[in-house]
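I have placed the structure first, in the form of structure tokens, so that the comments after it can refer back to it.
Just so it is clear, none of the values below were taken in a lab; they were calculated from the coordinates. Since the model is a prediction, treat every value here as computed from it, not as a measurement. Neighbour counts run over all protein chains shown; Cβ positions are idealised from the backbone, glycine included.
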Amino acid sequence: MRFHGFALSVSIAAGLSFGAGSIARAADMPLKAPRAPVYQYNWSGFYIGANGGFGTGRSSWTDDPTLTGSDLGNHTTTGGFAGGQIGFNWQWGMMMAGAEFDMDWASLKGNHTDLFLHDLNSKVSSFGTISGRLGVAYWDRLLVYVKGGGAFAQYRYDDFITVGGPLNGSASTTRWGWVMGGGMEYAFTRNWSAKIEYNYIDFNTRRLNFGGGASVGYVQDIASNLQLVKAGINYRFGP
């Protein structure tokens with residue numbers, strides 16, 4: 001009996017000693033840092049693509065300041081557009097920076113009748129943007145970005161003496177302004193991606209010379225802007 005009691009005591013002591021040693025060794029082991037997110041898709045590289053969508057804008061007219069200088073009202077221009085883009089992305093971690101140029105052919109039109117019963121018309125036949133992009137690719141193949149830069153558009157403005165009547169004067173011009181917007185782009189294969197984005201373009205107010213109609217020539221102050229919703233597809237020549 002004494003021998004069995006002694007053996008039991010030795011076994012318990014050995015077990016406690018082994019357990020304490022294991023706990024001590026575990027406490028001495030260095031703690032592992034949490035694993036950093038892994039970004040499997042890389043947005044870096046040149047790309048080229050196509051886009052299309054719907055646009056709306058506003059043209060606000062003010063009469064020749066040497067005549068009445070009256071507020072002639074405004075109208076909305078609406079229509080579709082299609083074109084293409086080319087750009088470059090550079091990604092580090094989950095952040096992306098890039099630059100993009102796009103050019104679109106358009107048919108955005110609108111008109112209204114002013115207080116002198118003239119029919120005032122605006123038409124946008126093309127536009128483009130040169131912008132920088134900054135995005136986050138935290139969700140790997142989904143890129144969320146903002147953009148901003150310069151913009152231009154080809155406008156034609158017509159002033160008819162009455163609705164459906166003779167032309168009083170017209171002006172064609174390339175207008176320059178700024179663009180801001182944002183969107184999302186998803187890479188559905190290694191090289192192909194699709195995007196949807198919104199752009200706001202402002203051309204401020206510009207004094208334009210009208211001629212070529214019944215009038216001997218006059219000026220109008222016109223403020224114009226555009227809002228665009230576009231969808232596009234890109235092919236990336238990246239890694």
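Test of understanding: ordering MET95, MET180 by Cβ neighbours within 10 Å, fewest first, what list do you get?
By the 10 Å Cβ count, ascending, the order reads MET95, MET180.
Roughly how many nanometres apart are two label points built 7 Å out from the Cα toward the Cβ at ASP64 and LEU115?
1.8
Using θ = phi - 60° and the Karplus relation 6.51 cos²θ - 1.76 cosθ + 1.60, list the HN-Hα couplings for region 219-232 in order, rounded to whole Hz, with x at every Gly or Pro.
10, 9, 9, 10, 9, 9, 8, 9, 10, 10, 10, 10, 10, x
List the pairs from LYS147/LYS230; LYS123/LYS195; LYS123/LYS230 whose alpha-carbon separation is above 24 Å, in the order I gave them.
LYS123/LYS195
Measuring from label point to label point, each 7 Å out along Cα→Cβ, what is the TRP139 to ASN209 span in nm?
5.3
Any chance you could list the semi-axes, whole Å, largest first, of the equivalent ellipsoid that the Cα gyration tensor gives for region 45-237, using √(5λ)?
After diagonalising the Cα gyration tensor, the semi-axes are 40, 14, 12 Å.
May I ask you to sort PHE116, PHE81, PHE237 by Cβ crowding, counting other Cβ atoms within 10 Å and putting the fewest first? All intermediate terms of the calculation are to be shown ahead of the outcome.
Values: PHE116 14, PHE81 21, PHE237 10.
Placing the least packed residue first, the sequence is PHE237, PHE116, PHE81.
How high is the FRET efficiency between TRP192 and SER125 when r is their beta carbon distance and R₀ equals 41 Å, given to the nearest 0.05?
0.85
Counting only the backbone N, which residues of region 106-146 are under 16 Å from the spot 7 Å out from the Cα of ILE86 toward its beta-carbon?
128-131
Mind computing the radius of gyration and Dmax over the alpha-carbon atoms of region 90-166? Å is fine for both.
20.3, 62
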